[in-house]
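What follows is a single structure, written as structure tokens, with notes after it.
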Amino acid sequence: MRTVVDDVDMAVWRGHSGRVHAWDNRCPHRGMRLSFGFVRGDRLACLYHGWQFGEDAACRHIPAHPDLEPPQTICATAYGCAEFDGLIWASADAGSPAGQITELQPLGGTAIRTLTINADERHIMDLLSQGDFPLSENGSGNPDPARSRTCRREMRRVVVEAGDGNVHRTLIAALHPLRPGKTRLHLQITPDVSLGLKIALSRWAERLRWLAENDEAPEVPA
């Protein structure tokens, strides 16, 4: 799949091993987008001339010269990449190891939905930090004096923990800036939740998007 991280065009792929990789979306041979390619075992092949690259990003096979061992200098550009909580995190710095991308800890969230919002990530993070989210399918997400709430920002993730004495939940919001003024927001909730609460959270997320895009004075999403 193709994605963009900090203006870097990337091809993200998973081989037979299950490991995920994020590379520069350009074949070192003729510049074809690698996201147009195909996976064979633990190799990514370019669609144009079929050059195959291993998990170490080195060229392993050139179909036009099947008996040739490709020079070690022929390599795709690899970026640091890590996967947890059902999300793939990549660094826009070429060669950065996965462990240096982030020190975030997996929280085991259940996916709610992904939204594309016409607003900067910082504005969205501010709204997430100010507002409460529904704890039950009948909850409005409005502030409750009896409710406990903590919020922390970690890299491009906002974690909001809330409880009302009967139930405690954690909302996980991961932000993916696409370009200035446009952000993709991935929402998760923990622990497992009912379909009704997922619907309530989805509606709450729509309200959050409306607030972010309409540049209203800060208010709690309801």
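The values are calculated or read from the model by the stated rules, or taken from the named source; none is laboratory data. Fair warning: this is a prediction, and the values are worked out from it, not measured in the lab. Glycine gets a Cβ as well: all are built from the backbone with ideal geometry, and neighbour counts include every protein chain shown.
Of all residues in region 20-52, those satisfying the criterion of being farther than 18 Å from D93 by Cα and of a type in the set (F, W, Y) are F36, F38, Y48, W51. Residue-level check: of (1) within 25 Å of W89 (Cβ to Cβ); (2) out of contact with any helix residue (DSSP H, G or I) (no Cβ under 6 Å at 6 or more places or on another chain); (3) outside any helix (DSSP H, G or I), V158 misses just (2). Figure legend. Inter-residue proximity from region 63-86: first residues within 21 Å of R40 (Cβ to Cβ) and modelled with pLDDT under 90, second residues β-branched (V, I, T) and not in a strand (DSSP E or B), beta-carbon distance below 9 Å, spacing 6+ or different chains. Indicated pairs: C81/I101. Is it the case that some residue within region 144-154 is crowded, with 19+ Cβ neighbours inside 10 Å and either at pLDDT below 85 or in contact with a strand residue (DSSP E or B) (Cβ under 8 Å, 6 or more places away or on another chain) (or both)? No, because not a single residue in region 144-154 is crowded, with 19+ Cβ neighbours inside 10 Å and either at pLDDT below 85 or in contact with a strand residue (DSSP E or B) (Cβ under 8 Å, 6 or more places away or on another chain) (or both).
This table checks each residue for (1) of a type in the set (D, E, K, R); (2) in the same structural domain as G15 (by TED's automatic domain parsing); (3) surrounded by 13 or more Cβ atoms within 10 Å (Cβ to Cβ); (4) closer than 19 Å to M1 by Cα.
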{"position": "H29", "(1), (2), (3), (4)": "no, yes, yes, no"}
{"position": "M32", "(1), (2), (3), (4)": "no, yes, yes, yes"}
{"position": "S35", "(1), (2), (3), (4)": "no, yes, yes, yes"}
{"position": "C46", "(1), (2), (3), (4)": "no, yes, yes, yes"}
{"position": "G50", "(1), (2), (3), (4)": "no, yes, yes, yes"}
{"position": "G54", "(1), (2), (3), (4)": "no, yes, yes, yes"}
{"position": "A64", "(1), (2), (3), (4)": "no, yes, no, no"}
{"position": "L68", "(1), (2), (3), (4)": "no, yes, no, no"}
